[in-house]
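Chemist: Please find one structure pasted underneath; my questions will follow.
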Amino acid sequence: MDFKKVTVAGGGVLGSQIAFQSAFRGFDVTVWLRSDASIGRAKPKFERLRTIYLQTLEAAKTNPAAWARGFGPERPDDAGIDALKEQVERAYASLKLTTSYDEAADADLVIESIAEDPAQKIAFYQELAKHLPERTVIATNSSTMLPSAFAEATGRPEKYLALHFANEIWRNNTGEVMGHAGTGQAYYDQVVEFAEAIGMVPLCLHKEQPGYILNSMLVPFLNAAEALWANGVADPETIDKTWQLGTGAPAGPFRILDVVGLTTAYNIVIMDPRSKDPETVQGKIASKLKAKIDAGETGVNAGKGFFDYHK
């Protein structure tokens with residue numbers, strides 16, 4: 001694997017994490033964003049990630065349980081942790097944010113992490129294809145969509161596949177690698193190597209599956225919680241408390257949705273045709289999520305979602 005330059009398209013919840021983790025692990029990272037306003041919205045996310053990495057590393061000096069797997073397989077001594085903190089500062093300073101396709105295209109690997117909207121993804125791929133050098137491999141971080149749906153739009157289907165991350169990738173360090181029927185094995189293997197190089201555990205899928213492995217299990221769980229809320233069965237706090245007390249889980253479904261981001265959750269639910277009917281469960285979920293999004297309550301990065309993070 002000869003990847004050195006990485007472009008991440010999109011500065012949302014996961015796009016910002018992928019970019020920061022890749023820079024932290026030594027890659028030359030450019031973040032492509034749609035507009036100057038998008039750059040303005042992305043900068044606080046990178047500042048927040050810098051703080052999280054530094055605080056997590058400092059906490060690990062006295063609390064081994066605070067160690068995050070994405071930092072490395074084993075916790076080093078205090079001097080090693082201080083060296084990693086310097087690595088965080090270098091990563092933060094090195095990130096390049098741009099709206100230029102030419103700047104974004106100068107990459108060995110492009111990771112697309114834009115909105116879960118097929119039209120936006122196709123438009124991005126078709127424009128990007130005009131600028132890419134021959135060497136570039138493209139991976140999508142789509143949560144739900146299959147790479148075969150977009151392979152032709154990239155102009156290089158054999159060099160296109162999926163690399164999907166879990167939220168809080170410095171801690172939940174999974175990298176699901178999924179090709180389509182036309183993906184070249186050599187490029188699949190390179191992306192597996194890249195996932196390892198940025199501290200992820202590669203999880204190799206043998207065939208296309210909507211939702212990959214993780215979201216095939218997680219999305220039905222979150223949908224069930226949203227249905228309880230939308231139908232007025234219980235409020236989000238009670239639903240989360242029920243799950244945590246009943247299973248011992250550290251977080252409930254609505255806390256997870258705040259991390260995922262309510263915009264992503266909304267984009268997923270409106271893909272279901274039933275969401276167009278306000279009397280269906282899907283329609284009720286879409287309406288209630290839209291109300292929170294319109295109020296600016298989009299999750300952790302906004303400071304408020306189902307829970308308030310300003311406290």
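The values are calculated or read from the model by the stated rules, or taken from the named source; none is laboratory data. Please read these numbers as outputs of a predicted model, since none were measured by experiment. Because the Cβ atoms are built from the backbone with ideal geometry, glycine has one as well, and the counts that use them run over all protein chains shown. These area figures cover heavy atoms from the full protein model, side chains too; ligands, DNA and RNA do not enter into them. Shrake-Rupley method; radii C 1.70, N 1.55, O 1.52, S 1.80 Å.
Chemist: Within the range 157-164, identify whether any single residue is at pLDDT 95 or above and within 21 Å of Val300 (Cβ to Cβ), and answer yes or no.
Modeler: Looking through the range 157-164, at least one residue is at pLDDT 95 or above and within 21 Å of Val300 (Cβ to Cβ).
Chemist: Take Ala91 and tell me if it is surrounded by 18 or more Cβ atoms within 10 Å (Cβ to Cβ), touching a His at 6+ places or on another chain (Cβ under 7 Å) and small (Gly, Ala, Ser).
Modeler: no
Chemist: Now a separate question. Tell me which residues, restricted to the range 263-311, are among the basic types (Lys, Arg) and under 26 Å from Gly10 (Cβ atoms).
Modeler: Residues satisfying the conditions are Lys288, Lys290, Lys292, Lys304.
Chemist: What about His206, is it free of Cβ contacts under 8 Å to residues at least 24 places away in the same chain and either out of contact with any Pro (no Cβ under 6 Å at 6 or more places or on another chain) or not assigned by the TED database to the domain that holds Arg75 (or both)?
Modeler: yes
Chemist: Residues of the range 1-45 being free of Cβ contacts under 8 Å to residues at least 60 places away in the same chain and either of a type in the set (Asp, Glu) or crowded, with 20+ Cβ neighbours inside 10 Å (or both), which ones?
Modeler: Ser16, Ala42 - these are the residues of the range 1-45 that are free of Cβ contacts under 8 Å to residues at least 60 places away in the same chain and either of a type in the set (Asp, Glu) or crowded, with 20+ Cβ neighbours inside 10 Å (or both).
Chemist: Kindly evaluate Ser148 against the criterion of being under 30 Å from Lys130 (Cβ atoms), open to solvent by less than 70 Å² (accessible area, probe 1.4 Å), in a loop (DSSP other than H, G, I, E, B) and not assigned by the TED database to the domain that holds Lys292.
Modeler: no
Chemist: Those residues that are under 23 Å from the mean Cα position of the chain (by Cα) and free of Cβ contacts under 8 Å to residues at least 24 places away in the same chain, I need them from the range 244-294; list them, please.
Modeler: Result: Ala249, Pro250, Ala251, Ile270, Asp272, Ala286, Asp294.
Chemist: A further question follows. Which residues, counting only those in the range 175-200, are open to solvent by 40 Å² or more (accessible area, probe 1.4 Å), of a type in the set (S, T, N, Q) and touching a residue at least 24 places away in the same chain (Cβ under 8 Å)?
Modeler: Gln190
Chemist: Across the range 271-285, which residue is farthest from Ala224 (Cα to Cα) among those that are of a type in the set (D, E, K, R) and assigned to a helix (DSSP H, G or I)?
Modeler: Within the range 271-285, the match that is farthest from Ala224 (Cα to Cα) is Lys276.
Chemist: Right, something else. Can you tell me which residues in the range 211-238 are more than 20 Å from the chain's Cα centre (by Cα), within 21 Å of Asn167 (Cα to Cα) and not charged (D, E, K, R)?
Modeler: Ala224, Ala225, Pro236, listed by residue number.
Chemist: Name every residue in the range 211-250 that is assigned to a loop (DSSP other than H, G, I, E, B) and surrounded by 13 or more Cβ atoms within 10 Å (Cβ to Cβ), in order of residue number.
Modeler: Scanning the range 211-250 gives Gly211, Tyr212, Ile213, Ala234, Asp235, Ala249.
Chemist: If you scan the range 100-125, which residues turn out to be among the polar types (S, T, N, Q) and either surrounded by 14 or more Cβ atoms within 10 Å (Cβ to Cβ) or part of a helix (DSSP H, G or I) (or both)?
Modeler: Within the range 100-125, Ser113, Gln120 meet the criteria.
Chemist: Any idea how many residues of the range 264-293 are open to solvent by 40 Å² or more (accessible area, probe 1.4 Å), within 22 Å of Ala119 (Cα to Cα) and charged (D, E, K, R)?
Modeler: Summing the residues that are open to solvent by 40 Å² or more (accessible area, probe 1.4 Å), within 22 Å of Ala119 (Cα to Cα) and charged (D, E, K, R) in the range 264-293 gives 3.
Chemist: Determine if the range 159-172 includes at least one residue that is of a type in the set (Ser, Thr, Tyr) and not in a strand (DSSP E or B).
Modeler: no
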